[in-house]
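A short worksheet on the structure shown next.
The values are calculated or read from the model by the stated rules, or taken from the named source; none is laboratory data. Remember, it's a predicted structure, so these values are computed and weren't measured experimentally. When we count neighbours, we look across all protein chains shown, and the Cβ atoms used for this are built from the backbone with ideal geometry, even at glycine.
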Amino acid sequence: MRRKKIFRAMSLLLVLLLLSSAGFILSGCGDRVQAGSTGKAQDSSGGEVIRVAKQFGLVYAPLMVAEKKEFFSKYGLKVEWVTLGSGGAVREAMASGKLDAAFMGIPPFLIGWDKGLPAKIAAGYTVSPVQLVTYDQNIKGIKDFRPEHKIALPSPGSVQHILLAMALEKELGDPKALDDNLVALPHPDGTQAMLAKKDVVAHFTTPPYLFEELAQPGYRVVLDGFEAFGGEFNFNVLLVTKDYHDRHPAGYAAFIMGLNDAMNWLNEHKMEAAELLAPEFKIEKEKLYRYLTSEGLNFTTAPYGLLGFAEFMKKAGYISKVPRDLSEIAWENVLAVVGKREGEPCQLEKMQLPR
Amino acid sequence: MKTMLSKVAFILSLAVLWETVRIAGGYSELLLPGLLSVASSFWAERAELLKNALFSLRIIGTGLSTAVALAMLLTLLCMNGRLFPGVITDIMAIMHPLPGIAILPVAILWFGIGVKSVLFVIVFSAVWPLANHFYTGFRSIPRNQLEIGRNLGLSGLKLALSVMLPASFPHILGGLRSGWARAWQASVAAELVFGAAGGQGGLGWYLYKKRFMMETPGVFAGMLVIIAIGLVVEYLIFTTVENLTVRKWKVVAD
């Protein structure tokens with residue numbers, strides 16, 4: 001009996017020990033973040049360092065250009081690229097201080113912002129077509145989807161999901177009408193499923209996956225992202241954490257400048273860029289050139305439609321509040337570009353608002 | 001009653017520790033949500049949680065019973081034959097360490113995206129530990145017990161049911177326990193990787209959705225439901241079965 005009691009006390013003690021060590025690990029992370037952003041953000045030569053999430057796809061061409069042409073190191077900035085599995089992981093890494101900057105769609109950022117993610121928009125990042133493609137000849141519009149028709153898109157809460165919800169609200173009055181039809185698949189897997197005509201009948205995607213699917217006979221667009229949104233919007237935005245923005249103004253400025261240089265160089269030298277990046281994308285340079293010069297793709301850091309998703313997302317219940325003005329979600333360089341006209345809002349201000 | 005009380009006290013002290021760590025560490029809701037927000041998220045989402053939990057239980061039940069049948073078949077083949085034991089134990093040795101989730105890519109290729117793939121992963125995850133335990137159980141039946149049974153004139157099914165089954169039951173129960181655990185792991189992991197097809201999803205899909213909506217309290221609520229189901233099954237089902245069988249038969253020590 002007594003031995004049992006001792007045993008019980010010992011095991012309780014062990015559990016408490018384990019739990020408190022878990023607590024230490026958590027708080028240890030916090031310490032390391034502090035140390036990381038002060039100590040690690042300068043390399044041995046005293047230059048700034050920024051940790052950025054790297055992703056794949058055609059819209060990341062400017063970042064590859066920036067690396068190859070050394071547009072970041074020109075400003076004394078060393079970029080540490082971090083590869084993460086999904087947009088969800090990118091947001092979590094930012095929240096826990098493992099990342100200083102990332103590229104993300106406006107809706108996933110707004111979800112993070114709503115939940116207190118300490119980051120704001122530091123630049124727009126490309127405007128790109130995003131379209132819902134199908135091979136089923138009976139599906140002429142989004143109201144033709146039946147319960148057995150599965151639609152692939154990257155994840156719940158992604159820009160594709162919100163665009164679909166916006167279109168559904170306009171046409172059927174219910175933004176969640178097709179939520180039960182959704183399959184969360186990364187772009188390449190979605191394209192594979194579409195080309196095999198297996199599992200899914202439609203795929204909401206972006207170039208180059210979009211072009212590959214539309215090049216097949218019988219594959220067509222059911223829904224256009226710009227139409228659903230009612231205007232143009234940044235496919236991604238550059239997010240920088242509050243911590244990095246506040247503590248490393250030089251690194252912040254260098255990253256923005258390098259990005260601007262890369263966008264500009266890409267726009268001026270598309271043929272050269274295609275040659276430079278063809279091995280990276282593992283496609284022929286002619287094909288890449290066709291992709292880079294395709295209709296609707298705009299390599300720009302200008303802000304487009306930053307506030308356009310918020311109101312709809314609140315109404316549909318994806319977020320709980322709407323930013324009162326741009327300053328709640330964007331850093332000062334973006335605010336300065338947009339400006340603040342006395343009286344009626346100016347063109348650039350209107351471009352950020354929903355239509 | 002006393003054990004009940006000590007369990008409640010233990011859970012309460014865990015809750016206090018959670019809140020202390022959270023408040024002392026000053027964590028944001030994104031990293032470590034408070035118990036209250038987890039509770040309110042649980043309450044607000046109770047209908048969906050129930051739907052997802054039932055779906056998980058249904059698919060795990062189907063997968064686990066298929067795995068049990070398959071494991072029984074494998075064991076019987078092992079027990080009655082000359083060629084089979086070597087081959088099957090080799091297969092078990094190869095397959096057992098392979099995590100079920102590792103075959104998900106293959107499952108998707110073969111069965112597509114959806115319930116069938118998840119089921120395949122569950123069956124695969126559960127069948128090897130089950131077969132392993134069953135086989136060990138049958139092999140470790142004391143020879144003299146079998147002989148006594150035969151001397152009493154038992155044979156075939158009767159011998160299997162009244163001597164072999166009780167003698168190997170502790171192992172069978174152990175196999176069911178680890179099969180159940182592996183089935184849960186497999187179903188949640190598979191749904192976390194590719195989400196779910198359509199509205200049909202279990203608790204893994206729930207966690208996935210909550211993660212993408214950055215609702216950390218919801219993620220914790222989902223995890224607590226998984227833990228609660230595990231506890232209920234352990235204490236209500238496995239322990240009861242154990243008390244009614246092996247403890248009653250005195251096959252294992254109390």
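Under the condition of being under 20 Å from A:E92 (Cα atoms), more than 7 Å from chain A (Cβ to nearest Cβ) and either touching a Lys or Arg at 6+ places or on another chain (Cβ under 8 Å) or exposed (fewer than 14 other Cβ atoms within 10 Å of the Cβ) (or both), the residues counted in the range B:16-30 number 1.
Please indicate, with yes or no, whether at least one residue in the range A:106-122 is surrounded by 19 or more Cβ atoms within 10 Å (Cβ to Cβ), in a loop (DSSP other than H, G, I, E, B) and not acidic (D, E).
Yes, some residue in the range A:106-122 is surrounded by 19 or more Cβ atoms within 10 Å (Cβ to Cβ), in a loop (DSSP other than H, G, I, E, B) and not acidic (D, E).
Only one of these is in contact with a helix residue (DSSP H, G or I) (Cβ under 6 Å, 6 or more places away or on another chain) and closer than 29 Å to B:A107 by Cα: A:A119, A:A102, A:A152. Name it. Unique residue meeting the criteria: A:A152.
Annotation for the range B:9-24: at least one member residue is among the aromatic types (F, W, Y) and more than 29 Å from B:K209 (Cα to Cα).
Taking the condition part of a helix (DSSP H, G or I), touching a residue at least 24 places away in the same chain (Cβ under 8 Å) and closer than 19 Å to B:L57 by Cα, does B:V233 pass? Yes: the conditions hold for B:V233. Here the range B:108-129 is the region considered, the condition is being crowded, with 23+ Cβ neighbours inside 10 Å and within 14 Å of chain A (Cβ to nearest Cβ), and the residue that is farthest from B:A67 (Cα to Cα) is B:I113.
Residue-wise test of (1) away from chain A (no Cβ under 14 Å); (2) among the small types (G, A, S); (3) surrounded by 18 or more Cβ atoms within 10 Å (Cβ to Cβ).
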site	(1), (2), (3)
B:I172	yes, no, yes
B:G179	yes, yes, yes
B:E191	no, no, yes
B:T216	no, no, yes
B:A228	yes, yes, no
B:I237	yes, no, no
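All told, A:V222 meets the bar of being under 30 Å from A:L172 (Cβ atoms) and touching a residue at least 24 places away in the same chain (Cβ under 8 Å). Suppose the filter is without any contact (Cβ under 8 Å) to a residue 40 or more places away in the chain, more than 14 Å from chain B (Cβ to nearest Cβ) and in contact with a helix residue (DSSP H, G or I) (Cβ under 6 Å, 6 or more places away or on another chain); does A:A274 pass it? The answer is yes for A:A274.
Taking the numbered list (1) modelled with pLDDT under 85; (2) crowded, with 22+ Cβ neighbours inside 10 Å in turn, B:K248 passes all entries but (2). Here A:P249 clears all of (1) free of Cβ contacts under 8 Å to residues at least 60 places away in the same chain; (2) within 30 Å of A:L214 (Cβ to Cβ) except the condition numbered (2). Residue-level analysis places A:L266 among those that are out of contact with any His (no Cβ under 6 Å at 6 or more places or on another chain), in a helix (DSSP H, G or I) and touching a residue at least 12 places away in the same chain (Cβ under 8 Å). Buried (at least 16 other Cβ atoms within 10 Å of the Cβ) and either over 21 Å from B:V233 (Cα atoms) or away from every other protein chain (no Cβ under 13 Å) (or both): is that true of B:S37 in this structure? Considered against the rule, which asks whether it is buried (at least 16 other Cβ atoms within 10 Å of the Cβ) and either over 21 Å from B:V233 (Cα atoms) or away from every other protein chain (no Cβ under 13 Å) (or both), B:S37 comes out as yes. The listed residues are A:A253, A:A316, A:A274, and the only one of them that is at pLDDT 90 or above, in the same structural domain as A:K69 (by TED's automatic domain parsing) and in contact with a Phe, Trp or Tyr (Cβ under 6 Å, 6 or more places away or on another chain) turns out to be A:A274.
For the range A:102-119, the count of residues that are within 19 Å of A:D261 (Cβ to Cβ) and in contact (Cβ under 8 Å) with a residue 60 or more places away in the chain is nonzero.
Per this entry, B:K210 is counted among residues that are crowded, with 17+ Cβ neighbours inside 10 Å and charged (D, E, K, R). The number of residues in the range B:1-22 being of a type in the set (F, W, Y) and over 28 Å from the mean Cα position of the chain (by Cα) comes to 0.
Limited to the range B:130-168, what total is found for residues that are of a type in the set (G, A, S), in a helix (DSSP H, G or I) and farther than 18 Å from B:V68 by Cβ? Quick ask: steps written out before the conclusion?
First pass over the range B:130-168, keeping only residues of a type in the set (G, A, S): B:131, B:137, B:140, B:149, B:153, B:155-156, B:160, B:162, B:167-168.
In the following step, the residues that additionally are in a helix (DSSP H, G or I) were identified as B:131, B:137, B:149, B:156, B:160, B:162, B:167-168.
In the following step, the residues that additionally are farther than 18 Å from B:V68 by Cβ were identified as B:149, B:156, B:162, B:167.
So the count comes out to 4.
Scanning the range A:223-245 for residues being outside any helix (DSSP H, G or I) and out of contact with any Phe, Trp or Tyr (no Cβ under 9 Å at 6 or more places or on another chain) gives a total of 3. In the condition set (1) at pLDDT 85 or above; (2) under 20 Å from the mean Cα position of the chain (by Cα); (3) more than 14 Å from chain A (Cβ to nearest Cβ), B:M92 is compliant with all but (1). In the range A:60-82, the count of residues that are crowded, with 18+ Cβ neighbours inside 10 Å, within 14 Å of chain B (Cβ to nearest Cβ) and in a helix (DSSP H, G or I) is zero.
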